[in-house]
1. When the range 31-58 is examined, which residues are found to be modelled with pLDDT under 90 and within 19 Å of the chain's Cα centre (by Cα)?
2. Residues that are open to solvent by less than 70 Å² (accessible area, probe 1.4 Å) and more than 22 Å from ASP169 (Cα to Cα): find the strands (runs of 3 or more DSSP E) completely inside the range 5-119 holding 1 or more of those.
3. Do you know which residues across the range 83-138 are closer than 30 Å to ILE44 by Cβ, touching an Asp or Glu at 6+ places or on another chain (Cβ under 8 Å) and aliphatic (A, V, I, L, M)?
4. Being modelled with pLDDT of 90 or more, within 15 Å of the chain's Cα centre (by Cα) and open to solvent by 40 Å² or more (accessible area, probe 1.4 Å) is true for just one of LYS176, LYS198, LYS238. Which residue is that?
5. Could you list all residues from the range 143-172 that are in contact (Cβ under 8 Å) with a residue 40 or more places away in the chain and acidic (Asp, Glu)?
Amino acid sequence: MYDDAESSYKHAIEKNFDGKFEVHCFGINDVVFPKSNRYFYHKIDLSLCNFALIDELKKIAKLYGAPKIILASPPCESWSGADCGGCMFKEIDDNGKWVVNNKKYYENYNKVCHPVKHRDFIKKERSRILGEATIGGTIEIIDFFKPKYWVIENPTTSKSWKYQTNHWDFNGFINKTYYSSYDKEFSTKPTIFKSNIKLELKAKKISGNKSHMAKGNYAKRSSIPFDLIVDIIGQILKEEYVK
C-alpha cells in the first residue's frame, strides 16, 4: 500500500520473487504497470477520509482474493520531528493525551524564526490530517482483512508509532534497521518496519550516501532499498515454510 512513488515493493518482488506472488499496489497517482496477470495497480484513496474505503477494497478482494500479506508505507512527513520548532505533532502520551501546535503557535513562531523556517498553518494542518487518515486507514484495512502477515514502514523518529499504540491501541513487533545497511547508495535513514512477526533486520549502522535525502525528487527519496524488501519477504516466506 502507498507503493506508487518508485513502486519499490513491486519492483523488488518482480526482480527477486517473480512467479511466487500476485502483487496489487495501491496509491493515489496515475501509475500504469505493464499488462500482466501478476502485477496490478489500483488508484484508491487509502485514508479514513474515503468513506467507501473498505467497500472498494472488498470489490477487489472478491475478484482476486483477500490479501495474505500487506506491506504498507503510509506518508510520514506530518509525523516527522525533523522540522524542529516547525513540527505540528509534539507528543501523544501513554494516556492518549495529544499535544499539537495550533494556528496561534505558528503565528508567533513565524515572528521569531528565520524566514526560511516560516511555516504555513493550513499546509501543516492538511499534512496532519493526511497523516492521521492514512495511518488510520492502514490499521482499518489490516483489522478488517486480517492478513496472515503485515508490515508497516515509517522512520524510527516518526510520531506515528505512538499514534498507532496510544491512540489506536495497535501493536506489533518493532523491527529497527538502517537503509544504508542494505544499500550504501541510500542515506542511513533509521527506519522501523512494524510487523505481526519478529523480523531480524540488519541493525548495525553503516555510513551511507549523505546527499541521498537532500537531492532528487520526493519519489526517489521515498524509495526503499530492494535488498531490504527482499530480506523482509524472505523472512516471511521462511516463517510460512516453518509453519
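1. Passing the criteria: only VAL31.
2. Of the strands (runs of 3 or more DSSP E) lying wholly inside the range 5-119, those with at least 1 residues that are open to solvent by less than 70 Å² (accessible area, probe 1.4 Å) and more than 22 Å from ASP169 (Cα to Cα) span 23-27, 39-43.
3. MET88
4. LYS176
5. Correct list: GLU153 only.
Residue-wise test of (1) touching a strand residue (DSSP E or B) at 6+ places or on another chain (Cβ under 8 Å); (2) within 28 Å of ASP3 (Cα to Cα).
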{"site": "PHE26", "(1), (2)": "yes, yes"}
{"site": "ASN29", "(1), (2)": "yes, yes"}
{"site": "TYR41", "(1), (2)": "yes, yes"}
{"site": "ILE60", "(1), (2)": "yes, yes"}
{"site": "LEU63", "(1), (2)": "no, yes"}
{"site": "TRP79", "(1), (2)": "yes, yes"}
{"site": "ASP83", "(1), (2)": "no, yes"}
{"site": "PRO115", "(1), (2)": "no, no"}
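The values are calculated or read from the model by the stated rules, or taken from the named source; none is laboratory data. Owing to the predicted nature of the structure, the values given are computational and were not obtained by experimental measurement. Using ideal geometry, Cβ is built from the backbone for each residue, glycine included, and neighbour counts are taken over all protein chains shown. Just so you know, the surface numbers come from the protein's heavy atoms only, side chains and all, with ligands and any DNA or RNA stripped out. Shrake-Rupley method; radii C 1.70, N 1.55, O 1.52, S 1.80 Å.
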